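Undergrad: Next up is a structure, given as structure tokens.
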């Protein structure tokens, strides 16, 4: 089972307080596709200019990313430059050149229309809606978004929410969209707008997954050093969607989605360990398995069985109970 | 096995954006003792004035809290008034009257000196050190602290860290103490200062527990409404310490501490569901068990077994791996 991923493909220049790297592969569809490719084949829909480096095309091809949906048109590829502060939760955009991305109007090749899992990467919700008008019988639709669209394209975003299964966004965006400071209440408000699930990404604090009647709290894999947070959210969404596709199921239950969140979080934790896709390019199956096992130990805390007995934890001779 | 708890006992006036309540039982030792009392008997060391309401004395007595160490002296009890903003992570102190608390110099009754588990509630680290000079063969020492002491009593706090097993503090305080923005690195820096463990309390984002070679990430129990966050950290530390005492062990391993963090978090989640100790006063064993079981389901995500096989999640026909 494949994932259809629609989003931006960019050439990034990233500056942190320690390093600066120009001409990196970036964009929501790039990170999403490589994240998903660890789990399933990807059908990529995006647009680049004739300057798009062949090495990046080759990277996609080497990772089961189908490029029939990649439009290459005369002109320059979308370029973005950003700088992170010491506190990497804060970044500023130094420069944006939309270039050919300004003409992006996603057209799904016929072979892509019935892809079972859809990931609408972080692009204008008008375009995300446009993609959904072209798909046939999707089994699960994930959409990512960002603060910009909540501000300038709220109506399109609200319309989109009625058609998707899961919205992924960060805690600040959840509060912005709902005007509710309590994250749990805010998450529920989003569910009232349409999606069956909401994934609230909290960076170093992990991720919450809410449905109308279920809840999952996923920690963040602890990292001593973060080299470049760019694309972490896109990688999360990609790995999440790719994992679902790998299950080859008609319907996904909450346990499936929990694991998808874990894989999304773990792949994102690898993503930020180097600039661009450098870490993900060289990531092995063993590294993912090891991190999963470590993370499980770091998240699990055992049974409550001692509490039910007459001895042990709970006082029997006191009047407390 | 009992817990020795030393800390403040106060009469609080708490204002939120919705409610205002005067003359509440407050203080780190009050919340800590009631939190611990669900798991083990408590030896309380604190100071109050002659105005301290009998109903609060009766509450302690009804909960296995030994009051031989409670000094009652002529004068007024410590009073504190605070106000929370809509975002309850932000509060301001409206009023502080130390009263008899200014004379507090904890003296341990002979019967308390060999209490196996020690909780040094949030008071001046000079006083916390003074308590440790009076204890005999403690098995586990927990200390809580706050931003004020990091600012005005850093040397005493650093001296204390060499003598304790676990320091509990919130994420802002961890960063303040270590001047390191990355919480994982900051936590490790605290371990280098002495304690075997550090518990980093993150409020709505849960709690991290670090040792030199182990790690636990505990989510927060999700709450739609928080009525009064006062005392959540003290209740956490109390329940943590009380749970350890209930194990009746000589030495505690990391699995014990993980569960202690979970009980601490759950009791804190009940604490904030009403003002002062109102919710904890009426809390039943069944409610704790139910919340534990729910929380476990909300934190667990299953095994990775599918990954090792030739089918299922991981591609076998691709070149990715």
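Undergrad: Does the range A:187-195 contain at least one residue that is within 15 Å of the chain's Cα centre (by Cα), more than 24 Å from residue B:273 (Cα to Cα) and more than 9 Å from every other protein chain (Cβ to nearest Cβ)?
TA: No.
Undergrad: Sticking with this one: Collect the residues in the range B:157-172 that are part of a helix (DSSP H, G or I) and crowded, with 21+ Cβ neighbours inside 10 Å, keeping them in residue-number order.
TA: Listed by number, the residues that qualify are B:157, B:160.
Undergrad: Could you identify the single residue in B:24, B:4 that is crowded, with 24+ Cβ neighbours inside 10 Å, touching a strand residue (DSSP E or B) at 6+ places or on another chain (Cβ under 8 Å) and away from chain A (no Cβ under 14 Å)?
TA: On the way: B:24 fails: crowded, with 24+ Cβ neighbours inside 10 Å.
Of the residues listed, the single one that is crowded, with 24+ Cβ neighbours inside 10 Å, touching a strand residue (DSSP E or B) at 6+ places or on another chain (Cβ under 8 Å) and away from chain A (no Cβ under 14 Å) is B:4.
Undergrad: Somewhere in the range A:157-169, is a residue touching a strand residue (DSSP E or B) at 6+ places or on another chain (Cβ under 8 Å), farther than 24 Å from residue A:2 by Cβ and without any contact (Cβ under 8 Å) to a residue 40 or more places away in the chain?
TA: Within the range A:157-169, one or more residues are touching a strand residue (DSSP E or B) at 6+ places or on another chain (Cβ under 8 Å), farther than 24 Å from residue A:2 by Cβ and without any contact (Cβ under 8 Å) to a residue 40 or more places away in the chain.
Undergrad: Those residues that are surrounded by 15 or more Cβ atoms within 10 Å (Cβ to Cβ) and assigned to a helix (DSSP H, G or I), I need them from the range B:147-156; list them, please. Outline the logic, then answer.
TA: Within the range B:147-156, the subset surrounded by 15 or more Cβ atoms within 10 Å (Cβ to Cβ) is B:149-150, B:153, B:156.
Residues satisfying the conditions are B:149, B:150, B:156.
Undergrad: Still on this structure: Somewhere in the range B:227-244, is a residue at pLDDT below 95, at the interface with another protein chain (Cβ under 10 Å from one of its Cβ atoms) and either more than 12 Å from the chain's Cα centre (by Cα) or over 17 Å from residue B:174 (Cβ atoms) (or both)?
TA: no
Undergrad: Across the range B:182-224, what is the total count of residues that are over 21 Å from residue A:218 (Cα atoms), surrounded by fewer than 20 Cβ atoms within 10 Å (Cβ to Cβ) and in contact with a helix residue (DSSP H, G or I) (Cβ under 8 Å, 6 or more places away or on another chain)?
TA: Number satisfying all stated conditions: 4.
Undergrad: Wholly within the range A:1-117, which strands (runs of 3 or more DSSP E) include no fewer than the required count, namely at least 2 residues that are touching a helix residue (DSSP H, G or I) at 6+ places or on another chain (Cβ under 7 Å)?
TA: Strands (runs of 3 or more DSSP E) meeting the threshold: A:3-6, A:42-49.
Undergrad: Same structure, new question: Take residue B:126 and decide whether it is in contact (Cβ under 8 Å) with a residue 24 or more places away in the chain, surrounded by fewer than 19 Cβ atoms within 10 Å (Cβ to Cβ) and under 20 Å from residue B:236 (Cα atoms). Explain how you work it out, then say what you get.
TA: Details: in contact (Cβ under 8 Å) with a residue 24 or more places away in the chain: yes; surrounded by fewer than 19 Cβ atoms within 10 Å (Cβ to Cβ): yes; under 20 Å from residue B:236 (Cα atoms): no.
Spelling it out, it is not the case that residue B:126 is in contact (Cβ under 8 Å) with a residue 24 or more places away in the chain, surrounded by fewer than 19 Cβ atoms within 10 Å (Cβ to Cβ) and under 20 Å from residue B:236 (Cα atoms).
Undergrad: Then there's this: Could you figure out which of (1) within 12 Å of chain A (Cβ to nearest Cβ); (2) on the phi > 0 side of the Ramachandran plot; (3) at pLDDT 95 or above isn't true of residue B:265?
TA: Residue B:265 satisfies all of (1) within 12 Å of chain A (Cβ to nearest Cβ); (2) on the phi > 0 side of the Ramachandran plot; (3) at pLDDT 95 or above except (2).
Undergrad: Right, residue A:138: buried (at least 23 other Cβ atoms within 10 Å of the Cβ) and under 20 Å from the mean Cα position of the chain (by Cα) or not?
TA: No: the conditions fail for residue A:138.
Undergrad: Here's something else I'd like to know. Conditions first: (1) within 14 Å of chain B (Cβ to nearest Cβ); (2) more than 27 Å from residue B:208 (Cβ to Cβ). Residue A:174 passes all but one, so which condition is the exception?
TA: Against the list (1) within 14 Å of chain B (Cβ to nearest Cβ); (2) more than 27 Å from residue B:208 (Cβ to Cβ), residue A:174 comes up short only on (2).
Undergrad: While we're here: Is it true that some residue in the range B:244-262 is closer than 23 Å to residue A:210 by Cβ and out of contact with any strand residue (DSSP E or B) (no Cβ under 9 Å at 6 or more places or on another chain)?
TA: No: zero hits.
The values are calculated or read from the model by the stated rules, or taken from the named source; none is laboratory data. These numbers come from a predicted model, not from an experiment. We place every Cβ from the backbone using ideal geometry, glycine too, and count neighbours over all the protein chains shown.
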